[in-house]
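This report concerns only the one structure given below.
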Amino acid sequence: MTIDAPAAPAITLDQRGRAELQFLSGLRASLAPLRSAIRTRLEQSGALDDPFDDIESLRERTDAALSDSADLRLLGATLRWSRDRATPRAVAAFERSRDSLEPLALAGAEIDDIVAGDAPRYWSYEFHGTAGGWDGHEHMGFIHHELVYRHIIMAAYGGDIYAVRGKVAAAAPRETYRRILDLGAGTGQYTMKLAETYPDAEIIALDISRSALGYALRRGLDAGHTWRGVRAPAEATGLPAASVDLVTSFIMLHEVPPHVTRGVLDEAFRVLAPGGDIHFSDVTPYRERSTYQAWADDWDAENGSEPWWRTAASMNLSDLARAAGFTDIVERGLGDGNYPWVLTARKPEDIPEASS
Ligand SMILES: C[S@@+](CC[C@H](N)C(=O)[O-])C[C@H]1O[C@@H](n2cnc3c(N)ncnc32)[C@H](O)[C@@H]1O
């Protein structure tokens with residue numbers, strides 16, 4: 001099968017690979033009626049009627065209402081099973097067609113490797129069931145982006161799942177950024193939108209994953225962009241102080257524990273020039289969701305290998321930004337259901353030398 005989506009490489013898989021990825025995609029697509037039935041059951045039970053103080057008390061109510069729901073059990077088991085299968089099947093499909101796929105997957109440029117020693121332990125968790133973690137295969141960036149996301153997830157849900165990143169990029173406070181740092185750039189989905197939105201800016205794509213960064217640089221180059229790729233933790237970038245005017249990220253913060261979130265804000269403050277901005281988009285706080293949506297986010301995170309989602313959706317990011325020294329702090333939703341959610345803030349122009 002040849003996929004000719006815009007800006008995507010033409011990928012040819014063998015018959016077994018096509019069949020296995022199509023099966024997993026079809027299985028995901030077939031779950032929509034189960035979700036509707038569960039929602040109806042929750043609404044009829046009254047468990048969603050009252051506002052909630054915290055996610056634990058909401059879950060007590062909803063879990064009691066769904067305790068004998070066969071639909072919920074089937075949904076959870078199918079999601080977990082299909083996630084566990086997705087990366088191994090995609091890796092196997094890649095290996096059987098390595099000769100034709102590897103040239104498409106090779107890194108686009110040299111990466112500046114600033115990681116000292118091993119990557120942080122929290123990062124090696126198998127997020128989303130990605131077997132072996134973000135670098136579980138030398139070409140995991142390509143495999144994840146092109147086979148898991150394009151062939152399974154996008155094929156199941158349709159539409160452009162990356163478009164929302166353009167909306168986030170355009171919502172940063174200014175149009176005049178010259179030096180942008182994209183934290184947790186992954187395979188460059190958000191980086192690409194930043195490059196389109198701020199065509200005159202120099203962009204640094206930063207991630208701990210070598211395979212994701214390599215494929216990001218490849219995708220950037222194929223689209224005519226020259227990004228610098230830096231392999232380092234967002235909380236210790238190794239970049240010079242006051243060297244960029246926008247630090248931004250899309251869906252990285254919910255993949256780190258809270259002490260690292262604090263570290264990322266401190267590091268952003270350090271690398272920003274005075275007057276520079278942060279613009280982070282991540283999970284919508286539960287307090288800003290409808291009762292049903294808060295339940296659905298939390299249940300999906302629990303069943304989707306997202307160890308830090310609940311913490312991220314329950315914390316007050318504005319407080320952490322204030323503690324790091326930022327001012328002009330604004331948190332807001334950009335679309336329906338307050339998704340995507342962004343936090344924007346500024347490093348003051350006049351700050352004591354010691355904290356710059
Ligand atoms: C869900 S992906 C998001 C990728 C991309 N920003 C996008 O638009 O989809 C999260 C990325 O954050 C990276 N990451 C997680 N923790 C990190 C950290 N402390 N420092 C740098 N990158 C990190 C992961 O390696 C992964 O590539």
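Quick notes on this structure:
- Sorted on the mean count of surrounding Cβ atoms within 10 Å across their residues, most packed first, peptides 277-287, 171-181 read 277-287, 171-181.
- Where a label projected 7 Å from the Cα of residue 40 along Cα→Cβ would reach, residues of the stretch 66-83 with amide N under 17 Å: 66, 69-75
- Theoretical FRET efficiency, 1/(1+(r/R0)^6), r = Cβ-Cβ of residue 114 and residue 178, R0 25 Å, to 0.05: 0.70
- Annotation: per residue accessible area for the stretch 164-355 equals 38 Å², rounded to a whole number [probe 1.4 Å, protein chains only].
- Overall form of the stretch 14-167 per C-alpha gyration tensor (a/c, 1.5; a/b vs b/c): prolate
- The chain: calculated mean residue ellipticity at 222 nm from DSSP helix runs of at least 4, using -39500 (n - 2.57): -12500 deg cm²/dmol
- Carbon/sulfur fraction of accessible area - the stretch 164-355, other protein chains in place, 1.4 Å, %: 49
The values are calculated or read from the model by the stated rules, or taken from the named source; none is laboratory data. In this text the structure is predicted, and so the values were computed from the model without any measurement. Because the Cβ atoms are built from the backbone with ideal geometry, glycine has one as well, and the counts that use them run over all protein chains shown. The area values use the complete protein model at the heavy-atom level, side chains included, leaving out ligands, DNA and RNA. Shrake-Rupley method; radii C 1.70, N 1.55, O 1.52, S 1.80 Å.
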